[in-house]
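Engineer: First the structure, then my questions, so here it is.
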Amino acid sequence: MTEVFKSGGNELPLYAPGLEGIIAAETVLSDVDGEGGRLTLRGRPIEEIAGHMTFEEAAALLWQGFVPDEYLIRLPELFSQARQAATQAVATMQSSPAGLSAYELMRLGLEALPLDCGCDEAVTISGALPYLFAAASAIAAGRQVSAPDPTLSSAEDMLRLLTGKIPSADKVAAADRYLVTILDHGLNASTFTARVIASTGSDMRSSVIGAFGALKGPLHGGAPGPVLDMLDAIGEPENVDRWIAGELAAGRRLMGFGHRIYRARDPRADVLREGLAPLRGTSENLRKAEKIEAAALAALARHRPERKLQTNVEFYTAVLLDAVSIDRELFTPLFAVGRTVGWCAHVLEQRATGKLIRPMSRYVPKAA
Ligand code: ACO
């Protein structure tokens, strides 16, 4: 039985490990309906936004009422200026100790990003990240860092910087679809982290950098690279049943399946899967993914029937980003690029409450 804490006539759960089922914020930004398998952003289903709006358009939608309208109507231009400002962080990234991952380099770049360019911090940080991401990936791979192109959109310029050539319209559309799909998602672990930091009165950059740390773990944003490792390890779909049975018998989790909130299918998985149609033929994994997914779902239903384990966003993230020619080590940093827009919105929303987030722990002394 859940212990309760009585406050003002209400009974609140006193101890919930992992804060499962606890509401710690009210938000106008997004709603995650775990039973229905629905995600709503600013009152609109994700299916109406991802695949229909660019990264810049979706950011403007999410930020309505939080970032001044005068900036929202000029977002493509301001994001392009932010990419230019981000070039000033490259020297710090290049002089970092050897061996840092692209994720760590991007975080370092964010630390060094000048924020005194007279624009809104949320706009400058979110607009700079596609460039910091591309620069970090170049430095991690020992390549030269190129300059941004202010005439291109964030997604187009980012793919150009990654590959050294102007990307096809299909790849730009897929990258936009991905960034928009992951823009915001309720009070997930990294967003909660950003809000906790913001609630102390700390600054926007510190909140986003804290969220970076939470996103990195494999139970949150670190799963899509391992999804591709899994597809590689399975090889041909005829091996899938044997391989999965071995993993589950060994007590390992299948990456790209299961979710804390969704008990139905993660709607973002389908939004991303739909974006694969124009990319057919670009990646071997596209051919295999649906068969492997079906076999994994059947095995998980036998393994934990009561848990209703379903495909999560990371499964098709891996397949889509692979088809867009993005290396698997870059999947988590790219997740951070999109999610930063959501983190910034939550920081602004949390600040407006003026409330410090401060739960309690229960002291359980152990005999020496
Ligand atoms: N494969 C096999 N078993 C699983 C899986 C999985 N993918 N997910 C959960 N389970 C099992 C657990 O082993 C656990 O079993 P137990 O009770 O015998 O220990 C049970 O289901 C419940 O698992 P919890 O971790 O308590 O459930 P929670 O809701 O906290 O887990 C999580 C959510 C962490 C995402 C989990 O499903 C998981 O580890 N998935 C694989 C990693 C992954 O895909 N992460 C990306 C998530 S999406 C995102 O954050 C963007």
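Engineer: Residues that are touching a residue at least 60 places away in the same chain (Cβ under 8 Å) and touching a Ser or Thr at 6+ places or on another chain (Cβ under 9 Å), at least 3 per element: which helices (runs of 4 or more DSSP H) completely within the stretch 1-98 meet that?
Structural biologist: 55-62, 75-86
Engineer: Sticking with this structure for a sec: Answer with yes or no whether A289 is more than 14 Å from the ligand (Cβ to nearest atom), touching a residue at least 24 places away in the same chain (Cβ under 8 Å) and part of a helix (DSSP H, G or I).
Structural biologist: Yes: the conditions hold for A289.
Engineer: Now for a different question. Within 21 Å of G217 (Cβ to Cβ) and of a type in the set (A, V, I, L, M): is that true of L334 in this structure?
Structural biologist: yes
Engineer: For the stretch 345-357, indicate whether the set of residues that are buried (at least 20 other Cβ atoms within 10 Å of the Cβ) and either within 16 Å of the ligand (Cβ to nearest atom) or not hydrophobic (A, V, I, L, M, F, W, C) (or both) is non-empty.
Structural biologist: Yes, because at least one residue in the stretch 345-357 is buried (at least 20 other Cβ atoms within 10 Å of the Cβ) and either within 16 Å of the ligand (Cβ to nearest atom) or not hydrophobic (A, V, I, L, M, F, W, C) (or both).
Engineer: What do you reckon, is G142 of a type in the set (G, A, S), within 30 Å of Y262 (Cβ to Cβ) and not in a helix (DSSP H, G or I)?
Structural biologist: no
Engineer: Same structure again: For the stretch 255-270, name all the residues that are within 6 Å of the ligand (Cβ to nearest atom), more than 10 Å from L309 (Cβ to Cβ) and either surrounded by fewer than 24 Cβ atoms within 10 Å (Cβ to Cβ) or of a type in the set (V, I, T) (or both).
Structural biologist: The one that is within 6 Å of the ligand (Cβ to nearest atom), more than 10 Å from L309 (Cβ to Cβ) and either surrounded by fewer than 24 Cβ atoms within 10 Å (Cβ to Cβ) or of a type in the set (V, I, T) (or both): R260.
Engineer: Another question about this same structure. For a quick check of your reading of the model, give me the residue pairs whose first member lies in the stretch 251-268 and is in contact (Cβ under 8 Å) with a residue 12 or more places away in the chain and under 21 Å from G21 (Cβ atoms), whose second is of a type in the set (D, E, K, R) and crowded, with 22+ Cβ neighbours inside 10 Å, with beta-carbon atoms closer than 6 Å and at least 6 apart or on different chains.
Structural biologist: Listed by first residue and then by second, the contacts come to H259/D266.
Engineer: Next question, about the same structure. On the basis of being more than 14 Å from the ligand (Cβ to nearest atom) and not small (G, A, S), does E284 make the cut?
Structural biologist: Here the answer is yes, as E284 does meet what is asked.
Engineer: Could you tell me whether R339 is on the phi < 0 side of the Ramachandran plot, within 11 Å of the ligand (Cβ to nearest atom), in contact with a helix residue (DSSP H, G or I) (Cβ under 7 Å, 6 or more places away or on another chain) and at pLDDT 90 or above?
Structural biologist: The answer is yes for R339.
Engineer: In the set L110, L132, L105, which member is aliphatic (A, V, I, L, M), surrounded by 15 or more Cβ atoms within 10 Å (Cβ to Cβ) and more than 20 Å from L159 (Cβ to Cβ)?
Structural biologist: Of L110, L132, L105, the one residue that is aliphatic (A, V, I, L, M), surrounded by 15 or more Cβ atoms within 10 Å (Cβ to Cβ) and more than 20 Å from L159 (Cβ to Cβ) is L110.
Engineer: Then there's this: Have a look at A245, A294, A277, A318 and point out the one that is more than 9 Å from the ligand (Cβ to nearest atom), touching a residue at least 40 places away in the same chain (Cβ under 8 Å) and either among the polar types (S, T, N, Q) or under 25 Å from R177 (Cα atoms) (or both).
Structural biologist: A318
So that you can scan it fast, the table gives a plain yes or no per residue for (1) farther than 21 Å from D176 by Cα; (2) in contact with a Gly (Cβ under 7 Å, 6 or more places away or on another chain):
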{"position": "A58", "(1), (2)": "no, no"}
{"position": "E77", "(1), (2)": "no, no"}
{"position": "A85", "(1), (2)": "yes, no"}
{"position": "A102", "(1), (2)": "no, no"}
{"position": "L110", "(1), (2)": "yes, no"}
{"position": "L115", "(1), (2)": "yes, no"}
{"position": "L132", "(1), (2)": "no, yes"}
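The values are calculated or read from the model by the stated rules, or taken from the named source; none is laboratory data. Every value quoted in this text rests on a predicted model; they were computed, and no experiment measured them. Note that we place each Cβ from the backbone using ideal geometry, even for glycine, and neighbour counts take in every protein chain shown.
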